[in-house]
Amino acid sequence: MKGLDQLPALLAAGDWTSSERLLLRAAKGKGAPASVFYNLGRVMMEQGKMRPAETWLKRAVAADPSHANGWYELGRARLEMRDLQAACQCFARSLALAPADPDARISLGRVALRLGEYVKVREALAPMAWRDGEVDGMLYRAAAELRLPEAEALRDTLWQRDPARALKAVTRASKGRLKLDL
């Protein structure tokens, strides 16, 4: 679109005010693409304007329902606004559109854990090729809460890899057992 050739330089410089002005002009144009709405939403988020960001990101995914990044950022905006259920739905949609995106997987796992949706935690995180202490901890907590037999093995692996996260995970799980060495 005309005038948007300046946008990459403005974004790189972190000039959010000028970026916002430029994108607002482009968004008012007839037939503005989803990318304009998406970028405007991201610029709003950078400025801490979550309500307007949400509005523009909604317009982005309405214009292009297959915009995985749009769904992801809409989830982040809704999470920032403490709408966990809506954030969870957005992250799930983003993951369905981009199954290889580890950020969407981890974000969905985090929110699902906060909501107590342990099956969803496992569905999001179990397929990950690499795991860190945070992912292992979330998988352990989900398995413990669901009383799955692999909870003990997950807990033991977590203790070996990241004892600090293991302690946090086992003390936050309402079910499961802590192996004591007396």
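Full extension of the chain between D64 and M128 gives 20.3 nm of extra length, using 0.36 nm per residue less the Cα-Cα distance.
Listed peptides 144-153, 130-139, 65-74 appear in the order 65-74, 130-139, 144-153 once ranked by packing, highest mean of other Cβ atoms within 10 Å at the front. Peptides 91-101, 44-54 ranked from most to least packed by the mean count of surrounding Cβ atoms within 10 Å: 91-101, 44-54. Distance between the C-alpha centers of the stretch 72-107 and the stretch 1-22? Whole Å please. If you average the Cα positions of each part, the centres end up 26 Å apart. Which value at 222 nm does the chain reach when only helices count, each DSSP H run of 4 or more adding -39,500 (n - 2.57), with the total divided by all residues and rounded to the nearest 500 deg cm²/dmol? Using -39500 (n - 2.57) per qualifying helix, the result is -22000 deg cm²/dmol. For R141, the solvent-accessible surface with a 1.4 Å probe is about 40 Å², rounded to the nearest 10.
Roll a 1.4 angstrom probe over the protein heavy atoms and tell me the percent of accessible area of the stretch 1-135 that is carbon or sulfur.
Values: 3490 of 6950 Å².
Of all accessible area on the stretch 1-135, carbon and sulfur atoms account for 50 percent.
For the stretch 30-92, the solvent-accessible area of protein heavy atoms averages 46 Å² per residue (probe radius 1.4 Å; ligands and nucleic acids excluded). Taking label points 7 Å from Cα along the Cα-to-Cβ direction, A100 and L84 give a separation of 3.3 nm. Among the listed values (1) 18.0; (2) 20.4; (3) 19.5, the one matching Kirkwood radius over Cα pairs in Å as calculated from this structure is (1).
Pairs of Lys residues in the chain that lie 8 or more places apart, or on two chains, and have C-alpha atoms under 24 angstrom apart add up to 11.
How high is the FRET efficiency between E150 and T171 when r is their beta carbon distance and R₀ equals 22 Å, given to the nearest 0.05?
Details: r = 20 Å, r/R0 = 0.89.
Efficiency, from the Cβ-Cβ distance: 0.65.
The values are calculated or read from the model by the stated rules, or taken from the named source; none is laboratory data. On a predicted model such as this, the values are computed, not experimentally measured, just so you know. Positions of Cβ are generated from backbone atoms using ideal geometry, with glycine treated the same way; all protein chains shown enter the neighbour counts. These accessible areas exclude ligands, DNA and RNA; they are computed on the full protein's heavy atoms, side chains included. Shrake-Rupley method; radii C 1.70, N 1.55, O 1.52, S 1.80 Å.
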